[in-house]
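As C-alpha cells, the structure follows; a few thoughts come after it.
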Amino acid sequence: MTVRDILLAMYSWWPFILIVGGSILAMRVMRQRTPSGATMIDLYEQQIAETRRTNAGLERIAAALEKNS
C-alpha cells in the first residue's frame with residue numbers, strides 16, 4: 001500500500017467521518033445542562049407543551065368568535 005493509496009482512502013472517507021463526528025458533537029451539546037439544571041431536550045419538551053397550551057387557547061378564542069358571528 002503506497003502513500004497515494006492511503007491518501008486516497010482518507011479522502012474518500014472524510015465525509016463519513018465528518019458526519020459521525022458532527023453527530024457525536026450534536027449529542028453532547030444536546031445533553032449539556034443549562035444553569036437551571038435542565039437539559040436542552042427538557043427545555044424543548046417544555047416549549048412544545050407550552051405551544052400546545054397556547055394553541056388550545058387560540059382555538060377556544062377562534063371558536064368563540066365564530067360562534068358570535
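The values are calculated or read from the model by the stated rules, or taken from the named source; none is laboratory data. As the structure is a prediction and not an experimental result, all values here were calculated from the model. As a convention, Cβ positions derive from the backbone with ideal geometry for all residues, glycine included, and neighbour counts pool all protein chains shown.
Considering only residues of the stretch 2-42 that are surrounded by 10 or more Cβ atoms within 10 Å (Cβ to Cβ) and hydroxyl-bearing (Ser, Thr, Tyr), which is modelled with the highest pLDDT? By that ranking, first place goes to Ser23. Residues that are part of a helix (DSSP H, G or I) and either touching an Asp or Glu at 6+ places or on another chain (Cβ under 8 Å) or of a type in the set (Phe, Trp, Tyr) (or both) are absent from the stretch 47-65.
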